[in-house]
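Read-outs: derived from the displayed coordinates by stated rules, not from any lab. Bear in mind that the values here come from a model prediction, so they are computed numbers and not experimental data. Don't worry about glycine lacking a Cβ; one is built from the backbone with ideal geometry, like all the others, and counts go over all protein chains shown.
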Amino acid sequence: MEIHFLKLIKRGLLIAAFIIFFNLNEQNIVLADSSSLVFDRGLPTANLNLNADGDPTNDINRSNDSLFSRVSDNIIGDDFTIGSPGETWIIDKIQVWSHLGGDPIVGTPNSLGDEFINLKLYGGKASDLLTERLGGNFTSGDVLDNPNIILKRVKYNNGQDFYQTYGSMWLPLYEIDFQNLNWQVEGGVKYHFGVNGIGRIGEDGGHWSWVSHASNKDLSGFRQDGADDFIRVWADATAPVEIINTYTIGISEKPFDINVRIWAHKFQKADQRCRTISNRLFSKEFCFPIIKKPVIIRPKELDSEKITNMGAIKNTNLHTGSLYINKVSD
């Protein structure tokens, strides 16, 4: 009896040693790169800018627009669903688009870093509040202190490298990649996301507002996964969501969705550390999930009472590119 008891203790210590060993060696495990594009609501490919129908004074037939708010804490975003019920997915990268602001008095900045202090991606289940998924501070030009946020200037498929405002300004177009997210989501479940940057104060005392590129699904000429004519807006990162149709509330001549692309891979054993422990009495496989930590993730503590008492978004603060600048006075 005593010998059997000692064997049980020895077996328990062996299992504990395996667990500790794999936890200590987590950083040495390399995952296969199996990420693929699973959600595509990318940039429109047709009816771009003001001359979409040959009439430079008419914007009703253009597909592309941009959305911003007069309040710097407001966050603009949208929703998405990937996979099928019962599956688990790991989101690796989210890609969105923006453009520089323009001011005919001060002049157009040379980079997004000239306009903004920081840049953040938020996300969560559509039924939940937002959580910060990735963030960084601008250091110089279009470079942030988080290497997992990549900015670059891009072109539409027709070769135009600018977004044309309704006031006939041509503003450089940007693609933003939030990568190495390691965001675990459930297949077949709706999630939402938002992007925002805190604007710098300009020479005239106004602040820059983050712009989210959007398009109308019927005019885009390209695959528009999950487009439903609604966007999502939050007063700030701790506030409940408001779901808005920009056409219905009268701030645009047609509805829009935020353009976004998502790369992910299905959660499989490659995302786990597994080892088999066996002896003459039994054989058992033990698996532990690998949790990678992206750089500078700062989820905020949520105050439920504060959230309950939050006021509604003021629709007068939300604007589309029909205003010729995205820089507003405080």
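For Ile117 and Glu253, FRET efficiency with R0 = 35 Å and r from the beta-carbon atoms, rounded to 0.05? Could the numbers behind the result be given before it?
Details: r = 33 Å, r/R0 = 0.94.
Computed FRET efficiency for Glu253 and Ile117: 0.60.
Mind checking the full-extension length gain between Lys155 and Ser140? Use 0.36 nm per residue of separation minus the Cα-Cα distance, one decimal, nm. Walk me through the numbers on the way to the answer.
Details: separation 15, 0.36 × 15 = 5.40 nm, distance 2.25 nm.
Taking Lys155 through Ser140 to full extension adds about 3.1 nm, to one decimal.
Note down the nm distance, to one decimal, between modelled labels 7 Å out along Cα→Cβ at Asp228 and at Thr88.
Result: 2.6 nm between the two label points.
Using per-residue counts of other Cβ atoms within 10 Å, averaged over each peptide, order 248-254, 71-77, 61-67 from highest down.
On the way: 248-254: 14.9, 71-77: 20.0, 61-67: 24.6.
Result, highest mean first: 61-67, 71-77, 248-254.
List the pairs from Lys93/Lys120; Lys152/Lys266; Lys155/Lys254 whose alpha-carbon separation is above 19 Å, in the order I gave them.
Working: Lys93/Lys120 14 Å; Lys152/Lys266 28 Å; Lys155/Lys254 24 Å.
In this structure, Lys152/Lys266; Lys155/Lys254 lie more than 19 Å apart at Cα.
Residue by residue through segment 88-94, which ³J(HN,Hα) values in whole Hz follow from phi under the Karplus form 6.51 cos²θ - 1.76 cosθ + 1.60 (θ = phi - 60°), with glycine and proline marked x?
10, 10, 10, 7, 9, 8, 10
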